[in-house]
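Colleague: Encoded as structure tokens, here's the structure I'll be asking about.
The values are calculated or read from the model by the stated rules, or taken from the named source; none is laboratory data. These figures come from a predicted structure and were not determined experimentally. Backbone-built Cβ (ideal geometry, glycine too); neighbour counts: all protein chains shown. Keep in mind that these areas ignore ligands, DNA and RNA; they rest on the heavy atoms of the full protein, side chains included. Shrake-Rupley method; radii C 1.70, N 1.55, O 1.52, S 1.80 Å.
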Amino acid sequence: MIRTTGFFFGLILLTPMFAVHADEATATVRDENEQSMLHFGGCGGVYFLVEPGEFWVELEKYDRNIKNSRTFLRAILAGPDRSVLAEQTLADDGLERGAGPGPIQRARLSTQVPRKGVYALNITVSEDRYGENIAWGFRTNCPHYLVETSRGHRDAPHQEPLVLLSPDAPGDVCFMPERDAFVIEVSGINANTEPPRLYNGVDDVIGTLELDAEGNGRYKVTADVPRASVPWRLHLPGFQGTAHIDGVTRWPGDNDFPNLSLWTPDKTSWFPLHQNRRLLTPYTRNVYSESGAYKGIAFHVHNNDFVPRTFTLSVEFPGRPWQVALSVPQVVVNPKDTATVTLDCVLPDTVDTATCHLRASPEDTPAFSTYATVTLHRDTPPYTQPLDLPLALKPYSHENAQFGYLPQYPTDNQVYFRADRRPFIVSDTTLQYWHDNAWTSLSDVIQGDGPPVSFRARSSKIAFDNDNTAYMIGDVEKQTVLLYAHADDARLNMSILPGRGAVDMEQFSGNNPLDGPPPLVRYTLTEKDPDVFWRRLNDLALFLPIKGANGVISVGEPILISQKCIGFSAHSGIPSSVVSRDGKVHVAWAEATDPDEEFPGVPTFVATYDRDTKQLGKPALVGYGPPANDCHNTPSITMDSQGYLHVLIGTHGRTFQYARSLRPNDASNWTEPEELGPGLRQTYVGLVCDNTGALHVVFRLWFHNDQKYFPAGHYATLAYMRKRPGEPWSTPQVLVVSPFSEYGIFYHRLTIDHDGRLFLSYDCWSTYWFYRMDHRGTRRALMMSSDGGDTWRLAGMDALNPLK
């Protein structure tokens, strides 16, 4: 017998973009006699464990109208393989701030379920990524579900308070208790009602949250209280106020399930999602092969529990079976670990496309089961063709789903090329490179006469000198080191960098081949302003490593450049802070200013160190990057083939400014800075210069309320501009559009090889925790242009293979 369950919680709704198997969204006037449902705030979504048959979810949303924001709620229903089955938008009610709760709007999303699995309902809100200005809820015919309250990110420790908005109705918050001691806190409760009470999994009373006069209560559960049965239940006589539960809404220490904010208002809807979170990934693989055969399609089986577990695997077919071989029928996976399984697929001669499903089921929780999908095409993958820009990412439909992008190279970080065209890529613990027609890696570091040790990368940059020695920055046993490997070395060598702080190094940006080890700059934080959020003070120091006759590198002594450097923003754009030629080392940086004084932005300087005279030149002020005292505003410096220096002054949501040195290889005088274009909201410079003198820059570019992709709010794009010699900057070309509105970032890194080809590594990151936490690993992809930015395509292995 199918049971209908329901409640409501606070969130924002969006206008319809498309809907598959979904009814019309409707707005109705609030009826005081209609069945009461629980409401609460925040964004996030719901996970359902669904059996075959009809499956539906009914949504309600109303605007609280406590802010002047246009709250469009976007609801997306996705299957176990994250194919989007339905999408609806519930619009802003059009009422002004202070008007009180608006009318209830409703939408229904439904689908026919062919096989058991975990479905997801994703809820986001325009202009309200924290879900403070709306209330939402749902009703469903699926008996097993868990809510994940997860908003957009904050620049603060992650918390997901439960904002309860139904004071006239009792309600429960059912949750997985932490194994160690944990605390529950409530606030804003009606102090004249019965206090909240905590029950264990068999409904024994654990304790009562006694309330003070303001309606605040707190209860600590000690580690010795038995946790055998789940879920636990916090019962509130009036479902109002704010609740915090360690391990559910905040994660103050070494928690069982960090950042996993799962709960339910109905204990009977509980199912074992915590230990089976992201059990089988990727959720889908869209594979192309001209021969119709493909070996080694990899999937990862993850054990999110605290004990080893066994998982059974099988292949299912939506129609007639075809040739699919599973590497193993069963795997045992250690706690918090992952095992890889593969599928080898061969299409029948009679078809050009076929689909199968890989199912995973844990032996200890047999009621839980889900699947991933493989679709094999007998064709050339679309990603090999130039892109019709922009590449508009869609929820759960990124490069593989849209273009069959399935790279045969590491995508951990950006790619760099040695002068002999050999590609190198840094991962967290290895330096990977192409050798003997295969990817190989270096992970061991020589440490004196002792055994080899491991390292962890501190930067994704790689540099090369004219002897083909490769360099990178890492940590070895909590020390910052310059790692290096001579050509054909089987292990990495290291030189310790004294002091502490972030480190950057010169890397190839188009016209600066290195004669020896790369210059390094170190940023040591000395002050973080408690009153100006993005204001920092750093000591900036330059190191000039030297290679001895025996190939051993000594890093030398630090040369102080500035004591007011604002810092180095490297996660996106990964700008170049150093460029050198003929013994002159040019360093670009930005500085903090007195917050009590008016400045047009962060002042940006360039200074030159002369290796021959061992003298540091006077800093030259190049320009200002608005706003002032913002550590996002890192500049980037490069040079052209004639030696002229080029600087882009970093900004945060403002237009970049450009300046050029008046003389080659001389940083003492500069052109007046000029904006790249009118009104551009740019952040995170990624700059290179090709051998024709053309400058190429990639950056995040904001759009707001243009309604091309989203009905309201702002959204992030990854955009490109070019400046050829003697020409103005081109208009921005949007390369990638984020799948969601509101905050987004791309962690982009632009590199160039010695043939002038552009390589753009990016990883689209949405502010919404629900979407990000549902995906295991990164979504990083590699785009390239071999014609100076005229056209772009997703890179295949042919672009990285030096023999091609």
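Colleague: For residue 229 and residue 531, FRET efficiency with R0 = 51 Å and r from the beta-carbon atoms, rounded to 0.05?
Modeller: Given R0 = 51 Å and the Cβ-Cβ separation, E is 0.55.
Colleague: So, by mean Cβ neighbours within 10 angstrom, what's the order for 335-343, 775-783 with the highest one leading?
Modeller: For the peptides 335-343, 775-783, the packing ranking is 775-783, 335-343.
Colleague: Heads up, I need the accessible area for residue 754: 1.4 angstrom probe, whole protein in place, Å², nearest 10.
Modeller: 80 Å²
Colleague: While we're on this one: With +1 assigned to the C-beta of every Lys and Arg and -1 to the C-beta of every Asp and Glu, and no other charges, what is the dipole magnitude of the stretch 105-189 about the Cα centre in debye, to the nearest 20?
Modeller: 640 debye
Colleague: Got a sec? Which residues in the stretch 622-644 would a label at residue 674 touch, if it sits 7 Å along Cα→Cβ and we count backbone N under 16 Å?
Modeller: Only 623 pass the distance filter.
Colleague: Provide the per residue accessible area, probe 1.4 Å, for the chain, rounded to a whole number of square angstrom.
Modeller: Spelled out: the 1.4 Å probe surface of the chain, per residue, equals 39 Å².
Colleague: Applying the Karplus parametrisation 6.51 cos²θ - 1.76 cosθ + 1.60 with θ = phi - 60° to the phi angles of the stretch 120-136, what ³J(HN,Hα) value in whole Hz is obtained for each residue in order, glycine and proline being reported as x?
Modeller: With the stated coefficients, the stretch 120-136 comes to 10, 10, 9, 10, 10, 9, 6, 6, 7, 5, 9, x, 8, 10, 9, 10, 8 Hz.
Colleague: Taking R0 as 45 Å, what FRET efficiency do you get between residue 611 and residue 477 from their Cβ-Cβ distance, rounded to the nearest 0.05?
Modeller: Given R0 = 45 Å and the Cβ-Cβ separation, E is 0.90.
Colleague: Next question. Students often get this wrong, so try it: which of [x] -0.80; [y] -0.52; [z] -0.59 is log10 I(q)/I(0) by the Debye sum over Cα atoms at q = 0.07 Å⁻¹ as calculated from the structure shown?
Modeller: Evaluating log10 I(q)/I(0) by the Debye sum over Cα atoms at q = 0.07 Å⁻¹ on these atoms matches [z].
Colleague: From the square roots a ≥ b ≥ c of the eigenvalues of the alpha-carbon gyration tensor of the stretch 441-486, which class results: rounded (a/c under 1.5), prolate (a/b over b/c), or oblate?
Modeller: Oblate.
Colleague: Pick out, in residue order, every one of the trypsin sites (Lys or Arg not before Pro) in the stretch 687-758 that is DSSP loop and has at most 14 other C-beta atoms within 10 Å; say none if there are none.
Modeller: Within the stretch 687-758, the qualifying trypsin sites (Lys or Arg not before Pro) (loop, at most 14 other Cβ atoms within 10 Å) are 708.
Colleague: Compute, for the stretch 344-417, the length of the dipole vector about the Cα centre, with Cβ point charges of +1 (Lys, Arg) and -1 (Asp, Glu) only. Units Debye, rounded to 20.
Modeller: It comes to approximately 160 debye.
Colleague: How would 168, 128 rank on accessible area, largest to smallest, probe 1.4 Å?
Modeller: Accessible-area ranking of 168, 128, largest first: 168, 128.
Colleague: Going through the stretch 282-364, which GluC sites (Glu not before Pro) have at most 11 other Cβ atoms within 10 Å and a DSSP loop state?
Modeller: The qualifying sites are 290, 363.
Colleague: Separate question: With point charges of +1 on the Cβ of Lys and Arg and -1 on the Cβ of Asp and Glu, referenced to the Cα centre of the stretch 668-804, which listed residue (697, 767, 714) lies farthest in the positive direction of the dipole?
Modeller: The Cα lying farthest towards the positive end belongs to 767.
Colleague: Go through 762, 609 and list them by solvent-accessible area, largest first, probe radius 1.4 Å.
Modeller: 609, 762
Colleague: Students often get this wrong, so check it: of 547/614; 461/584; 478/564; 116/394, which have C-alpha atoms separated by over 19 Å?
Modeller: Those over the limit are 461/584; 478/564; 116/394.
Colleague: Would you work out which of 164, 183, 69 lies farthest towards the positive end of the dipole of the chain, given +1 charges on the beta-carbon of Lys and Arg and -1 on that of Asp and Glu, about the Cα centre?
Modeller: It is 69.
Colleague: While we're on this one: For every other residue with a beta carbon closer than 14 angstrom to the beta carbon of residue 97, add +1 if it is Lys or Arg and -1 if Asp or Glu, then tell me the sum.
Modeller: So the environment of residue 97 carries a net charge of -4.
Colleague: Just to be sure I follow: if Rg is taken over the C-alpha atoms of the stretch 213-337 and Rh is the Kirkwood radius over the same atoms, what is Rg/Rh?
Modeller: When Rh is taken as the Kirkwood radius, the ratio is 1.11.
Colleague: Please name whichever of 275, 390, 46 sits farthest to the positive end of the charge dipole of the chain, dipole taken about the Cα centre and charges placed at Cβ: Lys and Arg +1, Asp and Glu -1.
Modeller: Checking the options against the dipole of the chain, the answer is 390.
Colleague: If you take every residue apart from residue 174 with its C-beta less than 10 Å away from the C-beta of residue 174, what net charge results, scoring Lys and Arg +1 and Asp and Glu -1?
Modeller: 0
Colleague: How many nm separate the modelled label positions at residue 330 and residue 353, each set 7 Å beyond the Cα in the direction of the Cβ?
Modeller: 3.7 nm
Colleague: Same structure, new question: How big is the charge dipole of the chain about its Cα centre, in debye rounded to the nearest 20, if each Lys and Arg gets +1 on its Cβ and each Asp and Glu gets -1 on its Cβ?
Modeller: 900 debye
Colleague: State the antiparallel share, in %, of DSSP beta bridges confined to the chain, rounding to the nearest 5.
Modeller: Counting DSSP beta bridges with both partners in the chain, the antiparallel share is about 95 percent.
Colleague: Determine the distance separating the Cα centre of the stretch 468-547 from the Cα centre of the stretch 281-320; give it in Å without decimals.
Modeller: 40 Å
Colleague: If you don't mind, there's one more thing I want to ask. When only Cα pairs under 8 Å and 6 or more residues apart are kept, what is the percent relative contact order across the chain?
Modeller: Once normalised by length, the contact order is 9 percent.
Colleague: Determine the share of the chain's accessible area contributed by carbon and sulfur atoms, expressed in whole percent, with a 1.4 angstrom probe.
Modeller: The nonpolar share, carbon plus sulfur, comes to 48 percent.
Colleague: Can I ask one more? Specify whether the C-alpha gyration tensor of the stretch 708-771 places it in the rounded, prolate or oblate class, a ≥ b ≥ c being the square roots of the eigenvalues: rounded for a/c under 1.5, otherwise prolate if a/b is larger than b/c and oblate if not.
Modeller: oblate
Colleague: Further question: At 0.36 nm per residue, minus the direct Cα-Cα distance, what do residue 791 and residue 213 gain on full extension? Give it in nm, one decimal, please.
Modeller: Extra length from residue 791 to residue 213 when fully extended: 201.5 nm.
Colleague: Mind running the shape call on the stretch 657-702? Use the C-alpha gyration tensor, a ≥ b ≥ c as the square roots of the eigenvalues: rounded below 1.5 for a/c, prolate if a/b tops b/c, oblate otherwise.
Modeller: It is oblate, given that a/c is not under 1.5 and a/b is not larger than b/c.
Colleague: Leaving ligands, DNA and RNA out of it, work out the accessible area of residue 765 with a 1.4 Å probe and give it in Å² to the nearest 10.
Modeller: Near enough 60 Å² of accessible area.
Colleague: Keeping all protein chains in position, work out how much accessible area residue 715 exposes to a 1.4 Å probe, and write it in Å² to the nearest 10.
Modeller: 10 Å²
Colleague: Work through the residues other than residue 316 whose Cβ is under 11 Å from its Cβ and net out their charges, Lys, Arg +1 and Asp, Glu -1.
Modeller: Result for the neighbourhood of residue 316: +3.
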